[in-house]
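Comments concern the structure below.
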Amino acid sequence: MLENVEDGAAAATRLAGGAPLQSTLDVADPADWIALDAGVREVAWHRPLFRPGREHSAPPPADLTQAGESQLALALCHRDGRIRQEAVRQSVRYPGLLPLVVIRCADWVGPVREHARRLLCEALDVDSALDLTPLVLRIGRRDRGAFGVDALGQVLRQASHGQLAVLFADPDRIIRRFAYRLAVEGRLLRPAELARAAAGDPDTVVQDLCATAALTAPGDEDAFAGVLPALLSARNPRVRSAGVTALRRAGRPKQAEPFLSDRSALVRACARYVVRQQGGDPVAWYRERCTAPDDPELPPGAVIGLAECGNRADAALLLQPLLAHPSAGVRARAVAGLRALDCANAEQLWPLLDDPAAGVVRETAAALLPSARELPADWLSERTSSERPRHVRVGALRLLDACGGIVALRAAVGLLEDPDVKLRTWAAQSVQRWHPSPDGRRGDVEVGQLLDRSRHLFSDHMLRRRKWEAGVGS
């Protein structure tokens, strides 16, 4: 594999020495052809490929009609546009050079570009188009590269579903997007197949394209019913939300109710829309499920869903009792719900910083940030010791950093030797952005000592400036 211009230049040198094209580069890899194209000009600029003694060019044999495949490949990439133009004419003798013709279709010299485009249109068929798709789409990103993409699309619109299937499974998402657009335009896939593609593909563009096409495709009710199971069971929330919204059109609003407690906020919002459109009351549904604070089957999505559409009265009656729920997911969503309803009570929440679940501590720290200065600084500092779990140390540092002043600097410097790499990094960043508090005591000797312990994080100038701001040192 040719990874860069230097590799392409080395390949060009081997071709000039008579090495066959197939053994010099991976002809199935578009990156190799692009690297060779750039590498030939790199070598040609510094030293000749064919005639020693010429300083700035690499003229190929005088008669390209007699050139072999390797020499013609070099000529197709030559710095001189006239040589490239003649090489395009002669390349018809070697079908293996069609990838370089694709590159020349975006050439900056007009005559070269026109000859290459004419040759490409004559040479393309469905099989060759499938092989060239990765290269054509990469060249299509260049200026003047749209022609190749258009030509490729015209040919592949004649392809069957089976022929395009290889592109549907390509690891490159750009290729999959291109192939699915062709399939949608040509109606090569049934709605159920489009729904399965939307549910299974990791790319959001493909998901949206296929889900929309599946839901808007003409067909009978049975075809539409075959689409919904794939969409509703998809892992991706964008696809699930499309399926939930489509339940209204299908006249099945009751099926949207379970999605009111989905783990995704987007899906929950779509489910609430469908339920309301049919006269339902999502708030009552949420309240009913959150009335049993010890219910082990309570889904966390129902807890945060109540906060999304409930009111402050729900916080006191329903969410606060859930802070002691046996499920960590429910506890975390209860904290997030109190924060969303602006009912996060610092005195009630800060004991949850010792929760064994990292998600609960993360949500608690986020909810307590606005009131970080009201928390007991010594208690927080104890949570940064190495005996505490990592997620507890992270939450404590986050809150101490929000407190500012010497307590923030003391905690951050203490964590510079923490066994966790990420925590050490965050502590270093906290030290670097630290500034004395306006209400802090100037000339504090401890501040100078802490800054000296972290001097490796500052330049000499910045360290002196921090000390000057704090009123310590010279």
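Quick notes on this one:
- Of everything listed in (1) outside any helix (DSSP H, G or I); (2) modelled with pLDDT under 90, the single unmet condition for Gln90 is (1).
- Index of the failed condition, Leu228 passing every other in (1) under 30 Å from Val330 (Cα atoms); (2) in contact with a Pro (Cβ under 9 Å, 6 or more places away or on another chain): (2)
- Any hit, segment 190-212, residues being of a type in the set (Ser, Thr, Tyr) and either more than 29 Å from Gly329 (Cβ to Cβ) or without any contact (Cβ under 8 Å) to a residue 12 or more places away in the chain (or both): yes
- Number of the condition not met by Trp434 [criteria: (1) in a helix (DSSP H, G or I); (2) buried (at least 23 other Cβ atoms within 10 Å of the Cβ); (3) not basic (Lys, Arg)]: (1)
Residue-by-condition table, conditions (1) in contact with an Asp or Glu (Cβ under 8 Å, 6 or more places away or on another chain); (2) aromatic (Phe, Trp, Tyr); (3) more than 19 Å from Val88 (Cβ to Cβ):
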position	(1), (2), (3)
Val101	no, no, no
Phe147	no, yes, no
Ala169	no, no, yes
Phe178	no, yes, yes
Glu193	no, no, yes
Thr204	no, no, yes
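- Some residue of segment 296-305 being of a type in the set (D, E, K, R) and either closer than 28 Å to Gly395 by Cβ or touching a residue at least 12 places away in the same chain (Cβ under 8 Å) (or both): no
- Single residue of segment 352-407 satisfying the filter (of a type in the set (Val, Ile, Thr) and part of a helix (DSSP H, G or I)) that is nearest to Leu338 (Cα to Cα): Thr364
- Qualifying residue in segment 264-273 (condition: within 17 Å of Ala211 (Cβ to Cβ) and of a type in the set (Lys, Arg)): no
- Of the residues making up segment 303-351, those that are more than 22 Å from Asp262 (Cβ to Cβ) and part of a loop (DSSP other than H, G, I, E, B) are Asp342, Cys343, Ala344, Asn345.
- Single match in Val361, Val330, Val335 (criterion: within 15 Å of Arg289 (Cα to Cα) and either in contact (Cβ under 8 Å) with a residue 24 or more places away in the chain or touching a Phe, Trp or Tyr at 6+ places or on another chain (Cβ under 8 Å) (or both)): Val330
- Val335 being over 30 Å from Ala250 (Cα atoms) and β-branched (Val, Ile, Thr): yes
Residue by residue, here is whether (1) in contact with a His (Cβ under 7 Å, 6 or more places away or on another chain); (2) surrounded by fewer than 18 Cβ atoms within 10 Å (Cβ to Cβ); (3) over 28 Å from Arg333 (Cα atoms) holds:
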residue	(1), (2), (3)
Val360	no, no, no
Thr364	no, no, no
Arg383	no, no, no
Val394	no, no, no
Leu397	no, no, no
Leu415	no, no, yes
Thr425	no, yes, yes
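- Verdict on Leu194 being over 20 Å from Ala234 (Cα atoms), modelled with pLDDT of 90 or more and buried (at least 19 other Cβ atoms within 10 Å of the Cβ): no
- Those residues of segment 93-118 which are β-branched (Val, Ile, Thr) and either assigned to a helix (DSSP H, G or I) or more than 38 Å from the chain's Cα centre (by Cα) (or both), in sequence order: Val101, Val102, Ile103, Val112
- Residue within segment 423-432 that is at pLDDT 90 or above and more than 34 Å from the chain's Cα centre (by Cα) present: no
- Qualifying positions in segment 119-146 - under 31 Å from the mean Cα position of the chain (by Cα), surrounded by fewer than 18 Cβ atoms within 10 Å (Cβ to Cβ) and charged (D, E, K, R): Asp131, Arg141, Arg142, Asp143, Arg144
- For segment 308-331, the condition of being under 25 Å from Leu247 (Cα atoms) and either modelled with pLDDT under 90 or of a type outside the set (Asp, Glu) (or both) holds for at least one residue.
- The one condition in (1) buried (at least 17 other Cβ atoms within 10 Å of the Cβ); (2) at positive phi that Gly279 fails to fulfil: (1)
- When Val447 is tested against (1) in a helix (DSSP H, G or I); (2) surrounded by 14 or more Cβ atoms within 10 Å (Cβ to Cβ); (3) without any contact (Cβ under 8 Å) to a residue 40 or more places away in the chain, only condition (3) is not met.
- Neighbours by Cβ (under 9 Å, 6+ apart or cross-chain): first from segment 313-326, on the phi < 0 side of the Ramachandran plot; second among the aromatic types (Phe, Trp, Tyr): Asp314/Tyr286; Leu318/Tyr286
- Options Ala19, Ala35: the member that is modelled with pLDDT of 65 or more and over 19 Å from Leu135 (Cα atoms): Ala19
- Residues considered: Val166, Val149. Of these, the only one that is surrounded by fewer than 16 Cβ atoms within 10 Å (Cβ to Cβ), β-branched (Val, Ile, Thr), free of Cβ contacts under 8 Å to residues at least 60 places away in the same chain and farther than 26 Å from Arg272 by Cβ is Val166.
The values are calculated or read from the model by the stated rules, or taken from the named source; none is laboratory data. From a predicted model like this one, the values you see are computed outputs, not experimental measurements. Glycine gets a Cβ as well: all are built from the backbone with ideal geometry, and neighbour counts include every protein chain shown.
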